[in-house]
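So the structure is just underneath, and the comments pick up after that.
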Amino acid sequence: MSWMPDKDPVLGDPRSCDALDLVIVPRVRDIGGFNVRRALPHGRRQMVGPFIFFDQMGPAQFLAGQGMDVRPHPHIGLATVTYLFDGRVMHRDSEGNALEITPGAMNLMTAGRGIVHSERTPAATRAAGGGMFGIQSWIALPEAHEETAPSFQHFDDASLPVVEDGGIRARVIAGTAFGRTSPVGMLSDWLYAEVMLDDGASAPLDPDHEERGIYVVTGTVEVAGERFEGPRLLIFRPGDRITVTAIGPAHLMFLGGTAMGGPRYIWWNFVSSRKQRIEEAKEDWKTGRFKQVPEETEFIPLPER
């Protein structure tokens, strides 16, 4: 996915509990055929732990012959996580990785010093039509790893730990949650988990992570007597013990981790602790110095603004 700055909506939540630092209403954007809801970056909050970009893709329904076509585009200084609830995405990148991303799988593409990728609806899915629903997020890299070699990790849904207990079903996508640890390799400390709650079920949010948030995908939850309906990103203060309770079935994403050592510059698809590095990446893309994606002939031009 791609990012450019936009205005944030006025929040409609009248109150929040003391433990809440911020409630973000995602803004809606059309990225070519279907809507996304963008929670990060936000005017009042750039990151939650290393999470610097957070998009809800869909839910959308494609007719037969239609689909998503995100042409090849570059990234530096970040890692992308594509996590689907429904649908399929064909991932291709300039390191030669090519595979279908399926629901429940963890797909971590580390851009480091530079990678190019495309995201398209697979041919078979496009022919038949189908849904698209999921989350794409970007993980800012620590300064020491911003120029690391690009790489791609894929773990299917059966490879990720699942916890089921008392109306809770959680899949640990990255890091440690609910006493289980994901096999995904990481360059910093962060947490990502999908949590499904039955009506009335409660789940704790680990206080050990410095920065933490809960993204309410669907449903309504209660935290410290306050109710929040999805889609919302709830960002919590450090250290407080948090319990979230579902009012009806709820679909959530837990996220967070250690705060970055400082803010990041973000322009289009580039993230860096150094402004000059962003300028170098712009020139590299404009002049064709990034590696190309095999089997792709199109690309997204550098934005003029």
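The values are calculated or read from the model by the stated rules, or taken from the named source; none is laboratory data. In this text, all values refer to a predicted model and were calculated from it rather than measured experimentally. In this analysis, Cβ positions are derived from the backbone assuming ideal geometry, glycine residues included, and neighbour counts consider all displayed protein chains. Only protein heavy atoms, including side chains, enter the accessible area calculation; ligands, DNA and RNA are left aside. Shrake-Rupley method; radii C 1.70, N 1.55, O 1.52, S 1.80 Å.
Whole angstrom only: what separates the Cα centroid of the range 102-126 from the Cα centroid of the range 250-271?
Going from one Cα centre to the other spans 19 Å.
Rounded to whole Hz and in sequence order, give me ³J(HN,Hα) for the range 91-106 from the Karplus expression 6.51 cos²θ - 1.76 cosθ + 1.60, θ = phi - 60°, writing x for Gly and Pro.
Karplus-based 3J(HN,Hα) across the range 91-106 equals 9, 9, 9, 6, 8, x, 6, 8, 7, 7, 8, 10, x, x, 8, 9 Hz.
If a paramagnetic tag sat 7 Å from the Cα of Ala144 along the Cα-Cβ line, which residues of the range 257-276 would have the backbone N under 14 Å from that point?
Backbone N within reach: 261.
Keeping all protein chains in the complex and leaving out DNA, RNA and ligands, what accessible area do you get for Trp268 with a 1.4 Å probe, in Å² to the nearest 10?
10
Is there a quick way to get the dipole size of the chain? I mean about its Cα centre, with the Cβ of Lys and Arg at +1 and of Asp and Glu at -1; what is the value in debye to the nearest 20? Walk me through the intermediate numbers first.
Numbers: 31 positive and 40 negative charges, 147 e Å.
The dipole of the chain has a size of about 700 debye.
Which GluC sites (Glu not before Pro) from the range 193-252 combine a DSSP loop assignment with at most 10 other Cβ atoms within 10 Å? Write down the numbers at each step before the final one.
Working: sites: Glu194, Glu210, Glu211, Glu222, Glu226, Glu229; in loops: Glu210.
Qualifying residues, ordered by number: none.
Taking the mean number of other Cβ atoms within 10 Å as a proxy for protection, how do you rank 115-123, 140-148, 49-57 from highest to lowest?
Numbers: 115-123: 20.6, 140-148: 17.4, 49-57: 24.4.
Sorting 115-123, 140-148, 49-57 by mean packing, highest first, produces 49-57, 115-123, 140-148.
Pop out the ³J(HN,Hα) list for the range 190-207 in order, Karplus 6.51 cos²θ - 1.76 cosθ + 1.60 with θ = phi - 60°, rounded to Hz; leave Gly and Pro as x.
Residue by residue, the range 190-207 yields 8, 10, 8, 8, 9, 10, 10, 10, 6, 3, x, 6, 10, 9, x, 9, 3, x Hz.
Mean-square fluctuation check for the chain, GNM, Cα pairs under 10 Å: which of Arg92, Arg212, Arg29 is largest?
Taking springs between Cα atoms under 10 Å, the residue moving most is Arg29.
Multiplying the sequence separation of Asp199 and Thr176 by 0.36 nm and subtracting their Cα-Cα distance, what value in nm do you get?
Details: separation 23, 0.36 × 23 = 8.28 nm, distance 2.48 nm.
Gain on extension, Asp199 to Thr176, equals 5.8 nm.
If you fit an axis through the alpha-carbon atoms of helix 275-286 and take the longest principal axis of the Cα set of the chain, what angle between them do you get, 0 to 90°, nearest 10?
With rounding to tens, the tilt is 50 degrees.
Please give the FRET efficiency for Gln66 paired with Arg289, using the beta carbon to beta carbon distance and R0 = 35 Å, rounded to the nearest 0.05. All intermediate terms of the calculation are to be shown ahead of the outcome.
On the way: r = 34 Å, r/R0 = 0.97.
Between Gln66 and Arg289 the formula returns 0.55.
Please list, ordered by chain and number, the residues whose modelled amide H lies under 5 Å from the amide H of Gly49; skip anything fewer than 5 residues away on the same chain.
When sequence neighbours closer than 5 places are left aside, the close amide H contacts are Glu211, Gly257.
Could you provide, to the nearest whole Å², the per residue accessible area of the range 20-148 with probe 1.4 Å?
Details: 3990 Å² over 129 residues.
Normalised by residue count, the accessible surface of the range 20-148 is 31 Å².
So what's the convex hull volume per residue for the Cα atoms of the range 22-67, in Å³? Display every interim value, and only then the final one.
Numbers: hull volume 3.7 nm³, N = 46.
Convex hull of Cα atoms, per residue: 80 Å³.
Keeping all protein chains in position, work out how much accessible area Arg37 exposes to a 1.4 Å probe, and write it in Å² to the nearest 10.
Solvent-accessible area, nearest 10 Å²: 90 Å².
With every protein chain in place, what's the accessible area of Lys275 (1.4 Å probe, Å², nearest 10)?
130
Taking the simple approach of a point 7 Å from Cα along Cα-to-Cβ for both Glu304 and Glu100, what is their distance in nm?
Result for the modelled spin labels: 4.0 nm.
Below 17 Å, Cα to Cα, which aspartates and glutamates can Lys291 reach? Residues fewer than 8 away in the same chain don't count.
Asp93, Glu95, Glu119, Glu147, Glu280, Glu283
Given (i) 60, 42, 32; (ii) 94, 42, 30; (iii) 55, 46, 38, which label gives Cα extents along the principal axes in Å as computed from the coordinates?
Derived directly from the coordinates: (iii).
For the chain, which whole percent of the accessible surface, found with a 1.4 angstrom probe, sits on carbon and sulfur atoms?
Numbers: 5970 of 12850 Å².
With neighbouring chains kept in place, the figure for the chain is 46 percent.
On average, how much accessible surface per residue is there in the range 183-305, in Å², for a 1.4 Å probe, leaving out ligands, DNA and RNA?
Ligands and nucleic acids excluded, the figure is 48 Å² per residue.
Determine the sum of side-chain charges near Arg71: Lys and Arg each +1, Asp and Glu each -1, restricted to other residues whose C-beta is under 10 angstrom from that of Arg71.
-3
Calculate for the chain the 222 nm mean residue ellipticity that helices alone would give, adding -39,500 (n - 2.57) per DSSP H run of length 4 or more and normalising by residue count, nearest 500 deg cm²/dmol. Write down the numbers at each step before the final one.
On the way: 2 runs with 18 residues, N = 305.
Taking each H run of at least 4 residues, the total per residue is -1500 deg cm²/dmol.
Which distance in nm do the two modelled labels at Thr297 and Gln46 give, with both placed 7 Å along the Cα-to-Cβ direction?
Using points 7 Å along Cα→Cβ, the separation is 4.1 nm.
Report the gain in length on full extension from Ala124 to Ala224: 0.36 nm times residue separation, minus Cα-Cα distance, nm rounded to one decimal. Could you put the intermediate results ahead of the total?
Working: separation 100, 0.36 × 100 = 36.00 nm, distance 4.65 nm.
Stretched out fully, the Ala124 to Ala224 stretch lengthens by 31.3 nm.
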